Amino acid sequence: MKKLSFVLILLLTVNMLFAQDAKYIGAQKCKMCHNAEEKGKQFTKWAESLHAKAFATLQGPEALKYAKEHNIADPSKEPKCLKCHSTAAGVDAALLAGLTVEEGVSCESCHGPGSAYKSISVMKDLAQSKANGLIIPDETLCKKCHNPESPTYKPFDFATYSQKIAHPNPKK
């Protein structure tokens, strides 16, 4: 029993250290495996979503009007705006390995930095993927941005909105 406990603690410690070094690789890396028809064209679903266009909205008329009214020079450079409109903007630059600010709310905003779980050998096993940093998003994660702090907040019902962005793997 002591050996098993030791091994479990060792594995958890190694995993935590490894996960801390995980890098954000960008949606193009996810696309390589997650855009096939048999995978449910998950990348395309994201690319067509408002999440993928979140950064671009900061350069649109509504954001520019809000910025002018609230004395913000450029919403696409404003940290208060970027924290929810761009995954890369809220991440330590040392952890960026392919993710750009312009990507908007990327795959890794919801699923965590992908460098440690991106390989097929890891991704084929959900438990192993999670052990390597894959996050299965939940309501708490979504509400980090979808909350009344947002100037364009609309009531957020996780069950409804999560269905709108669902991109399941049909084989599972």
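Is it fair to say Pro137 is in contact with a strand residue (DSSP E or B) (Cβ under 9 Å, 6 or more places away or on another chain), part of a loop (DSSP other than H, G, I, E, B), closer than 30 Å to Glu78 by Cβ and not acidic (Asp, Glu)? When the stated conditions are applied, Pro137 does not pass them.
Can you confirm whether Leu64 is exposed (fewer than 14 other Cβ atoms within 10 Å of the Cβ) and not charged (D, E, K, R)? Taking the combined requirement at face value, the residue does not satisfy it. Within segment 89-142, being without any contact (Cβ under 8 Å) to a residue 40 or more places away in the chain, of a type in the set (D, E, K, R) and under 19 Å from His167 (Cα atoms) holds for Lys124, Asp125, Lys130, Asp138, Glu139. The set of residues from segment 143-154 being of a type in the set (Lys, Arg) and under 21 Å from His167 (Cα atoms) comprises Lys143, Lys144. So, Lys154, is that one surrounded by 11 or more Cβ atoms within 10 Å (Cβ to Cβ), part of a loop (DSSP other than H, G, I, E, B) and basic (Lys, Arg) or not? Here the answer is no, as Lys154 does not meet what is asked. Annotation note: of Pro79, Pro155, Pro75, Pro148, the sole residue that is in contact with a His (Cβ under 9 Å, 6 or more places away or on another chain) and either among the basic types (Lys, Arg) or free of Cβ contacts under 8 Å to residues at least 40 places away in the same chain (or both) is Pro75. crowded, with 17+ Cβ neighbours inside 10 Å, on the phi > 0 side of the Ramachandran plot and touching a Lys or Arg at 6+ places or on another chain (Cβ under 9 Å): is that true of Gly40 in this structure? The answer is yes for Gly40. Restricting segment 1-45 to residues that are aliphatic (A, V, I, L, M), outside any helix (DSSP H, G or I) and more than 21 Å from Ala166 (Cβ to Cβ), the residue that is modelled with the highest pLDDT is Ile25. Restricting attention to segment 66-79, the residues that are out of contact with any Asp or Glu (no Cβ under 9 Å at 6 or more places or on another chain) and part of a helix (DSSP H, G or I) add up to 4. Taking the conditions exactly as written (of a type in the set (Val, Ile, Thr), modelled with pLDDT of 95 or more and buried (at least 17 other Cβ atoms within 10 Å of the Cβ)), does Thr140 satisfy them or not? It is false that Thr140 is of a type in the set (Val, Ile, Thr), modelled with pLDDT of 95 or more and buried (at least 17 other Cβ atoms within 10 Å of the Cβ). Taking the criterion of being part of a helix (DSSP H, G or I) and surrounded by fewer than 22 Cβ atoms within 10 Å (Cβ to Cβ), the residues of segment 90-115 that qualify are Gly90, Ala93, Ala94, Leu95, Val101, Glu102, Cys110, His111. All told, Val122 falls short of being at pLDDT 95 or above, in a loop (DSSP other than H, G, I, E, B) and of a type in the set (A, V, I, L, M).
The set of residues in segment 157-172 that are part of a loop (DSSP other than H, G, I, E, B), loosely packed, with under 14 Cβ neighbours inside 10 Å and not hydrophobic (A, V, I, L, M, F, W, C) comprises Asp157, Pro168, Asn169, Pro170, Lys171, Lys172. Checked across segment 67-75, the condition of being at pLDDT below 95 and surrounded by fewer than 17 Cβ atoms within 10 Å (Cβ to Cβ) holds for no residue.
The values are calculated or read from the model by the stated rules, or taken from the named source; none is laboratory data. A quick note: this is a predicted structure, and the numbers were derived from the prediction, not measured. Backbone-built Cβ (ideal geometry, glycine too); neighbour counts: all protein chains shown.
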